[in-house]
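Enquirer: Before we start, here is the structure in question, set down as structure tokens.
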Amino acid sequence: MTGAPARTLLLWCPDWPVLAAEIVDGVPATGPVAVLHANRVVACSERARAEGVRRGLRKREAQGRCPQLTVVDYDPGRDARAFEPVVAAVEELVAGVEVVRPGACAVAARGPSRYLGGEEAAAERIIEHVAQSCLVESQVGIADGVFAAGLAARSGRVVPPGGTPEFLAGLPVEALGRSALADLLRRLGVRSLGDFAALPAGDVLARFGFDGALAHRLAAGRDHRPLAVRQPPADLTVTAEQDEPIDRVDVAAFVARALAEQLHERLAGHGLACTRLGIEAVTEHGQELHRVWRHDGLLTAAAIADRVRWQLDGWLSGSSGRTGARPARPTAGIIRLRLIPDGVIAQAGLQAGLWGETGEERERAHRALSRVQGILGPEAVVTAVLGGGRSPADQVRLVPWGDERLPARPGPAPLPGGPIARPGPAPLPGGPIARPGPAPLSGGPSAGGGGRPVSAGRPADHSAGGVPPWPGRLPAPAPAVVLPSPLAATVHDAAGEAVVISARLAVSAPPARLVVGTGRPAEIVGWVGPWPVDERWWAPAEARRRARFQVCLADGTALLLAVEAGQWLVEAIYD
């Protein structure tokens, strides 16, 4: 970049990761707090510094210096979210803000200084406004360029125009923020930015590479880029104030329709579509209600209206809209309703075919199912989502039509070069099962032998792509019918005695007859098992231990049986 760097005003919030932890997580920043990343301190509170905690210390050493230290994990997302109100407060006074990093933002100093009566007056006004709006302490530095302004903000200085090289010359090389380069420069006898800037640019490039040449420009007070001004996000929220409190569902549905159309028009004006909708309501007594609806697709005006109506119906009638306990009805009617497009994406038009058939069937089905939902409610139309689990009932989750199709449990990760390797039963053949006795687990001890099966129910290994492989899961083919509630059954051997499974998974006798409930006995012509499942044995309140069998009856029916706490159960039916 040629020419002198532009005058830059940079606002800096000291110890921002610590303040963000207080804003988001409620960790008091007045106490000894340290934020750690990769087991090293990246930020600490003033109280922690008084106890000897410094950046770069390991966790053990920091806790040794300050035993009462509160440790917080580094979360850049948390820092960015907490800093957004500060940036918005600065944008209320000046335009063209660049977020340098969470905790620091910069603007061109020319506009604020002219409008607010000089650079120092502008700095004081911005600091005061941020303190009043966000309750955050900050410091402002003004210099030629973003780099020098950031260093000036550390001491709250206003560097006069043209005085940036002189200001930088007395600072140590550690101010560059490059620890490896600073260590090398010190060993070469270069201890200040002025000494570094005095070196020939060509020699610096040849010795330290491109990053060293960039640091050389910064040390000389020559920024390498102009400000990257951000565009303030558009306010897409719509609000409806009611003169009379809403306490009837029919009135709420009318308000929801008008507000949904207003939101849809506002999104369309910006070329956006909503995928996640936040609904907020305030009652006459000041009670605040909030709910977020997620959608697997783009929300139309009708879809937005339906979800607002469903939510208002749930609030006003004391129904959650989902199965489970009914929440308490609000103590008063609703006087304010807000719709917040929490998730938006660019509206991309669909390219139709020559005769307009592309996507037509999908849209027609979507409209029909949404219409049924609008009449009967969101739970009237559900779709199945496959996920992880060891039993067929655990692998299927029913979600309302239009909601995000996210599995309740992560599914299995395919291994390179072949199917998932997991101990479990072999698929049933088309006819009776030929094996008359228990089969050994793949990769584990024999089902009839002693000891806990290898990996059955233990914490999953996430080495394959970060997704648990679910050892002990039933492989394909899956049962055709999974019973919502398992049916109690009894299994007898050829002599009429009940078949039992020992704690060491030994079968007392080969199964011969099956009785489901109060039905007639059915002859078992083939069986295989047991396959043990010992889930969450490390959490006694959630532990579950059972053994599964596949059996084939004389009439050709194949069943999935389970033994749990000494009780035989019919879990699923094979086709």
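Enquirer: Check I524: other-chain or 5+ apart residues with amide H under 5 Å from its amide H, H built from backbone geometry?
Expert: Amide H neighbours of I524, under 5 Å, 5+ apart: R513, L514.
Enquirer: About the Cα centre of the range 504-575, what is the dipole size in debye to 20, counting +1 per Lys and Arg Cβ and -1 per Asp and Glu Cβ, all else neutral?
Expert: 240 debye
Enquirer: For L272, what residues show an amide H to amide H distance below 5 Å, using hydrogens built from the backbone and excluding near sequence neighbours?
Expert: Correct list: Q347.
Enquirer: Expressed as a whole percentage, what fraction of the accessible surface of the range 172-223 belongs to carbon and sulfur atoms when a 1.4 Å probe is rolled over the protein heavy atoms?
Expert: That share works out to 58 percent.
Enquirer: What's the local net charge at A38, with K and R +1, D and E -1, over the other residues with C-beta under 11 Å away?
Expert: Summing Lys and Arg as +1 and Asp and Glu as -1 gives +2.
Enquirer: With each pseudo-label sitting 7 Å past Cα toward Cβ, what's the E166-H129 distance in nm, one decimal?
Expert: Simple spin-label model gives 3.2 nm for this pair.
Enquirer: Would you mind putting 265-274, 20-29, 5-14 in packing order, based on average other-beta-carbon counts within 10 Å, highest first?
Expert: 5-14, 20-29, 265-274
Enquirer: If you don't mind, another one. What is the set of long-range amide H partners of I335 at a cut-off below 5 Å, with H atoms built 1.01 Å from backbone N?
Expert: Placed amide hydrogens put I246, V282, T283, E284 under 5 Å from I335.
Enquirer: Let me ask another. Just to verify a number: FRET efficiency for A80 and A4, C-beta to C-beta distance, R0 = 45 Å, to 0.05?
Expert: 0.90
Enquirer: I've got another one for you. Would you mind giving the average projected area, over all directions, of the Cα convex hull of the range 181-333 in nm² with one decimal?
Expert: 16.9 nm²
Enquirer: With just the Cα atoms of the range 112-260, tell me how far they stretch along each of the three principal axes, in Å, largest first.
Expert: That gives 79, 36, 23 Å along the principal axes, largest extent first.
Enquirer: Please compute the length gained on full extension between V481 and A302, using 0.36 nm multiplied by the number of residues separating them and subtracting their Cα-Cα distance.
Expert: Taking V481 through A302 to full extension adds about 60.9 nm, to one decimal.
Enquirer: Once you list every other residue whose beta carbon is under 13 Å from the beta carbon of R157, what net charge do they have if Lys and Arg are +1 and Asp and Glu are -1?
Expert: Computed value for this residue: -3.
Enquirer: Ok, one more. Taking every alpha carbon pair in the range 1-134, what does the distance histogram look like in 10 angstrom bins from 0, in percent?
Expert: Pair shares across the bins are 12, 36, 26, 19, 6, 0.
Enquirer: Under the Karplus relation 6.51 cos²θ - 1.76 cosθ + 1.60, θ = phi - 60°, what is the ordered set of whole-Hz ³J(HN,Hα) values for the range 133-139, x standing for Gly and Pro?
Expert: Per residue, the Karplus-derived 3J(HN,Hα) values read 7, 10, 6, 10, 7, 8, 10 Hz.
Enquirer: How big is the C-alpha Rg of the range 86-190 next to the rule-of-thumb value 2.2 N^0.38 Å, as a ratio?
Expert: Normalised Cα radius of gyration, the range 86-190: 1.19.
Enquirer: I've got another one for you. Test of understanding: what is the full-extension gain from A234 to E61, defined as 0.36 nm times their sequence separation minus their Cα-Cα distance?
Expert: 57.6 nm
Enquirer: Taking all protein chains in place and a 1.4 Å probe, what share, in percent, of the accessible surface of the range 524-572 do carbon and sulfur account for?
Expert: Taking all protein chains in place, the range 524-572 shows 53 percent carbon and sulfur surface.
Enquirer: Oh, and also: If you stretched the chain out fully between E523 and W537, how much longer would it get, using 0.36 nm times the residue separation minus the C-alpha to C-alpha distance?
Expert: 1.6 nm
Enquirer: Provide the per-residue ³J(HN,Hα) series for the range 379-387, in order, calculated from phi with Karplus coefficients 6.51, -1.76, 1.60 and θ = phi - 60°, each as a whole number of Hz, with x at glycine and proline positions.
Expert: Couplings: 7, 6, 10, 10, 10, 8, 10, 7, x Hz.
Enquirer: Another question, if that's okay. Can you run phi through the Karplus equation (6.51, -1.76, 1.60; θ = phi - 60°) for the range 180-188 and list ³J(HN,Hα) in whole Hz, with x for Gly and Pro?
Expert: Each residue's phi maps through the Karplus curve to give 5, 5, 5, 5, 5, 5, 5, 5, 8 Hz.
Enquirer: Taking +1 at the Cβ of each Lys and Arg and -1 at the Cβ of each Asp and Glu, which of L135, L205, G177 sits farthest along the dipole of the range 80-224 towards its positive end, judged by Cα position relative to the Cα centre?
Expert: Of the listed residues, the answer is L205.
Enquirer: Could you look at the range 1-127 and say what percent of its accessible area is carbon and sulfur, using a 1.4 Å probe and all protein chains?
Expert: 50 percent
Enquirer: Restricting to the range 29-161, what percent of DSSP beta bridges are antiparallel, rounded to 5?
Expert: Percentage antiparallel, nearest 5: 60.
The values are calculated or read from the model by the stated rules, or taken from the named source; none is laboratory data. Remember, predicted model here, so these are calculated numbers, not experimental data. Ideal geometry is used to build each Cβ from the backbone, glycine not excepted, and the neighbour counts take in all protein chains shown. Protein only, heavy atoms only, side chains kept; ligands, DNA and RNA dropped before computing areas. Shrake-Rupley method; radii C 1.70, N 1.55, O 1.52, S 1.80 Å.
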